[in-house]
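The values are calculated or read from the model by the stated rules, or taken from the named source; none is laboratory data. No experiment lies behind these values; they were computed from the predicted model shown. Virtual Cβ from ideal backbone geometry, glycine too; neighbours counted across all protein chains shown. For accessibility, only protein heavy atoms count, side chains too; no ligands or nucleic acids. Shrake-Rupley method; radii C 1.70, N 1.55, O 1.52, S 1.80 Å.
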Amino acid sequence: MSSEYAKQLGAKLRAIRTQQGLSLHGVEEKSQGRWKAVVVGSYERGDRAVTVQRLAELADFYGVPVQELLPGTTPGGAAEPPPKLVLDLERLATVPAEKAGPLQRYAATIQSQRGDYNGKVLSIRQDDLRTLAVIYDQSPSVLTEQLISWGVLDADARRAVASHEDL
């Protein structure tokens, strides 16, 4: 990895971290020591090469797609990004367990992995929706309609799912 590329990658990492209001020590605390402040700082300065695996893990920790961390990419790409898939956890709690049980357990698992317990909303990825579609034995678009009818997903989610099915 060239030193210029490493510096550009580091600048992207720093920008994401600061957007999330985290100091280097905050990253270490939030990750419960998984990400050492000195290591993340060295990635950000371009002093240390980051492997693809570690970059993917760091992107997951920050909750951003890996491509957002790569130099030469514009945030969200050239086109308008599809809307995020955001579950309304308060509405989900009102859906009968016989319908929403699998989704409630899946959401609880994501919250646990992320340490995200705000209890109001939860962003999920397209891969999460595909996994849930398998669990519910439905296509992602049919499941999206069901979640919209429950009030758990915003109607804008249709665009996100449609844009992904076109790929």
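Take the residues in segment 137-151 that are part of a loop (DSSP other than H, G, I, E, B) and farther than 16 Å from Gln126 by Cβ; name whichever of them is nearest to the chain's Cα centre (by Cα).
Gly151
Take Ala160 and decide whether it is more than 30 Å from Gly46 (Cβ to Cβ) and either part of a helix (DSSP H, G or I) or at pLDDT below 90 (or both).
yes
So if I check each of Ser123, Ser149, Ser139, which one is touching a strand residue (DSSP E or B) at 6+ places or on another chain (Cβ under 8 Å), assigned by the TED database to the domain that holds Pro96 and of a type in the set (Ser, Thr, Tyr)?
Ser123
Run Glu4 past the list (1) more than 22 Å from Ser123 (Cα to Cα); (2) surrounded by fewer than 18 Cβ atoms within 10 Å (Cβ to Cβ); (3) out of contact with any Pro (no Cβ under 9 Å at 6 or more places or on another chain) and report the number of the one that doesn't hold.
(3)
Identify all residues within segment 51-66 that are surrounded by fewer than 16 Cβ atoms within 10 Å (Cβ to Cβ), without any contact (Cβ under 8 Å) to a residue 40 or more places away in the chain, under 17 Å from Arg14 (Cβ atoms) and not charged (D, E, K, R); write none if there are none.
Val66, the sole residue that qualifies.
Can you find even one residue in segment 108-115 that is more than 18 Å from the chain's Cα centre (by Cα) and assigned to a helix (DSSP H, G or I)?
For segment 108-115, residues more than 18 Å from the chain's Cα centre (by Cα) and assigned to a helix (DSSP H, G or I): absent.
Can we say Lys12 is in the same structural domain as Ile148 (by the TED database) and touching a residue at least 12 places away in the same chain (Cβ under 8 Å)?
It is false that Lys12 is in the same structural domain as Ile148 (by the TED database) and touching a residue at least 12 places away in the same chain (Cβ under 8 Å).
Out of segment 98-119, which residues are surrounded by 11 or more Cβ atoms within 10 Å (Cβ to Cβ), free of Cβ contacts under 8 Å to residues at least 40 places away in the same chain and not hydroxyl-bearing (Ser, Thr, Tyr)?
Gly101, Pro102, Gln104, Arg105, Ala107, Ala108, Ile110, Gln111, Asp116 - these are the residues of segment 98-119 that are surrounded by 11 or more Cβ atoms within 10 Å (Cβ to Cβ), free of Cβ contacts under 8 Å to residues at least 40 places away in the same chain and not hydroxyl-bearing (Ser, Thr, Tyr).
What tally of residues in segment 7-50 results from selecting those that are open to solvent by 80 Å² or more (accessible area, probe 1.4 Å) and outside any helix (DSSP H, G or I)?
The qualifying residues number 5.
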